[in-house]
Amino acid sequence: SITYGKWHPDESNRPEIDDAPVFTPTEEEFKDAIGYIASIRPQVEKYGICRIVPPSSWRPPCPLKEKSFWKCTEFNTRVQQVDKLQNREPKKKETQPRVQKKRKRRKKLRFGMSQKLRSAESADQDEKFGFQSGSDFTLEEFQKYADMFKEQYFGMKGSDEISLFEIKQHKEMWRPSVEEIEGEYWRIVVCPDDEVEVDYGADLDTAIFSSGFPKSYLSDANKQDPYGLSCWNLNNLRRQPRSVLSFETEDISGVVVPWLYVGMCFSSFCWHVEDHFLYSLNYMHFGEQKVWYGVPGENAVKLEDAMRRNLPRLFEEQPDLLHELVTQLSPSVLKSEGIPVYRVVQNPGEFVLTLPRAYHSGFNCGFNCAEAVNVAPVDWLPHGQCAVELYRDQRRKTSISHDKLLLKTVQTALRQVWANLHNCKSGQKEYIWLDTCGKNGMLTNAFKTRIKMEGAAREANARLQCKKMDQDYDSTDRECFSCFYDLHLSAVSCQCSPNRFACLNHANLLCSCEMDRKFVLHRYSMEELNALVAALEGDPAAVYQWKEYDVG
């Protein structure tokens, strides 16, 4: 027989925290996704997260609901042990022969799919904790599975169990409220007395599985589809005007190519920040609510310190635990340590926006489907610079080339400055970057900061000879052998190992050769880079000088 989890309503552990703000853009404001996100940033920064409710007229169709897809296309899930997201023992070092322990039955529901199922007992308990691969489902199968789990867990009555009187009184099957589900979720996480295991279809690459939004290039008919072309269609977000990610040429899954998420009750996304401290935008296509928690970006370090204090043994074993996305910590604990935490309850047809370096986590209240992608207005650039410097200290690989995006944005902006100086007749969109330039412009300041850092690093390596990067340099992505820092702007190499590179900070670690055998490869000289800065600040002579360098 199969055992099920049991709801403990008298032991609810719902956090007492405030809600994040909700924004309702007008039809006019909704015409520019990147512009609207940038406009609400000052109000959202103190929360780190917010909900955006589109105008009522915006109701995109969802291709995932088409019968052939719903019934036939499978996706893989990952198995999550909800009771171990916060309270689990670290992996024990093997100092003695391994002893096979008797394991308790998992309180999960499986039905009619035994040929697909992964046995819970097959997982090696001594492996590093993570979400193991689960079963394959179609959307139709997963909805049945998720609904049955929730009905059994909360003791919900099916239509065949409701009396005529109850039908007249309630008309619909009783369902637990979001507040009741939230209280039970944190009871399981914080004070587990049973094992509760669920599945989550997470990080599904929409380029392989499918997007929940129509894609404009699928057919000629779709080219006229306003939803296929919409700036809020997450497939189109990277290409929007004023998006720094529009200069990213690679289809990076999960960053510029959206990921899809198919959830069930209690399936979780644990505390994390986005790669490169990017914004994220999540849209729920259909299903039951998703509960989010957000911490303002200015409190990111405090949250990390709190996690280490409260889970010291786990961090001792896994110093990069927060990169694994497998650990929860109750918002109540964070609040008790003076860290502001805010709640968002996302409904179908709504967006949730997270800001740079804003830690966020959450869980699903039942079967649902959402889609997410990263966003980068120009105000993201300082946060992105902070991220790559932190990654360098942590020896962590990057997902995108920050310097490449920064330089391409600068070059595009300067073309607009040049055109504006010559009174070129062109559409308004041609000048979208102009207001980020000038002496105090966001783009100018971000570039000046980067060039100041670059100048100091080159000065520290002044005794090395300099060479211009050749055309073959960009044939592959270059990174520092030591810290994995991206080497788009400059690099150090040596005659002894022409295919080995270091960043300017680790030139002395590259090899044991004398420094006179090493050299700096640069894309632009400091004179050229400083001319770019002056041009961004509005110096006409510098704009002309930049044109002479032909750096576009």
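The requirement of being without any contact (Cβ under 8 Å) to a residue 40 or more places away in the chain, in a helix (DSSP H, G or I), farther than 26 Å from Val256 by Cβ and not acidic (Asp, Glu) is satisfied by Ala456.
Listed by first and then second residue, the pairs with beta-carbon distance under 6 Å, at least 6 apart or on different chains, first residue in the range 174-197 and under 13 Å from Glu288 (Cβ atoms), second assigned to a helix (DSSP H, G or I), are Pro176/Phe154. Just one residue in the set Ala541, Ala460 is hydrophobic (A, V, I, L, M, F, W, C) and farther than 30 Å from Arg415 by Cβ; that residue is Ala460. If you take the residues of the range 198-211 that are over 18 Å from the mean Cα position of the chain (by Cα) and surrounded by 20 or more Cβ atoms within 10 Å (Cβ to Cβ), which of them is nearest to Glu250 (Cα to Cα)? For the range 198-211, the residue satisfying everything is Asp199. With respect to the stated conditions, Gln545 fails to be in contact (Cβ under 8 Å) with a residue 12 or more places away in the chain, polar (S, T, N, Q), more than 16 Å from Val417 (Cβ to Cβ) and in contact with a helix residue (DSSP H, G or I) (Cβ under 8 Å, 6 or more places away or on another chain). Restricting attention to the range 134-143 and to residues that are in contact with a strand residue (DSSP E or B) (Cβ under 9 Å, 6 or more places away or on another chain) and not polar (S, T, N, Q), the residue that is farthest from Gly287 (Cα to Cα) turns out to be Gly134. Exactly one residue among Glu337, Glu371, Glu324 is within 21 Å of Thr24 (Cα to Cα) and of a type in the set (Asp, Glu), and that residue is Glu371.
If the condition is being at pLDDT below 95 and either under 20 Å from the mean Cα position of the chain (by Cα) or surrounded by fewer than 17 Cβ atoms within 10 Å (Cβ to Cβ) (or both), then the range 7-34 contributes His8, Pro9, Asp10, Glu11, Ser12.
Within the range 400-415, being farther than 20 Å from His506 by Cα and surrounded by 20 or more Cβ atoms within 10 Å (Cβ to Cβ) holds for Ile400, Leu405, Leu406, Leu407, Thr409, Val410, Ala413, Leu414.
How many residues are surrounded by 17 or more Cβ atoms within 10 Å (Cβ to Cβ) and not hydrophobic (A, V, I, L, M, F, W, C) if we restrict to the range 42-62? Residues in the range 42-62 being surrounded by 17 or more Cβ atoms within 10 Å (Cβ to Cβ) and not hydrophobic (A, V, I, L, M, F, W, C): 5 in total. Can Phe447 be described as under 20 Å from Ile400 (Cα atoms) and either without any contact (Cβ under 8 Å) to a residue 24 or more places away in the chain or not in a helix (DSSP H, G or I) (or both)? No: the conditions fail for Phe447. Do we find a residue being assigned to a strand (DSSP E or B) and farther than 16 Å from His323 by Cα anywhere in the range 376-390? No, there is no match, as no residue in the range 376-390 is assigned to a strand (DSSP E or B) and farther than 16 Å from His323 by Cα. From the list Tyr544, Tyr485, the lone residue that is under 24 Å from Thr444 (Cα atoms), crowded, with 18+ Cβ neighbours inside 10 Å and in the same structural domain as Val410 (by TED's automatic domain parsing) is Tyr485. Any residue at all in the range 266-277 that is touching a Pro at 6+ places or on another chain (Cβ under 6 Å) and either closer than 21 Å to Ile181 by Cβ or modelled with pLDDT of 95 or more (or both)? Yes; the residues of the range 266-277 include at least one that is touching a Pro at 6+ places or on another chain (Cβ under 6 Å) and either closer than 21 Å to Ile181 by Cβ or modelled with pLDDT of 95 or more (or both). Residue pairs whose Cβ atoms lie under 6 Å apart, separated by 6 or more positions or on different chains, with the first residue in the range 64-79 and free of Cβ contacts under 8 Å to residues at least 60 places away in the same chain and under 27 Å from Leu325 (Cα atoms) and the second in a loop (DSSP other than H, G, I, E, B) and of a type in the set (Val, Ile, Thr), do not occur.
The values are calculated or read from the model by the stated rules, or taken from the named source; none is laboratory data. Since we're looking at a predicted model, the values are computed, not measured. Virtual Cβ from ideal backbone geometry, glycine too; neighbours counted across all protein chains shown.
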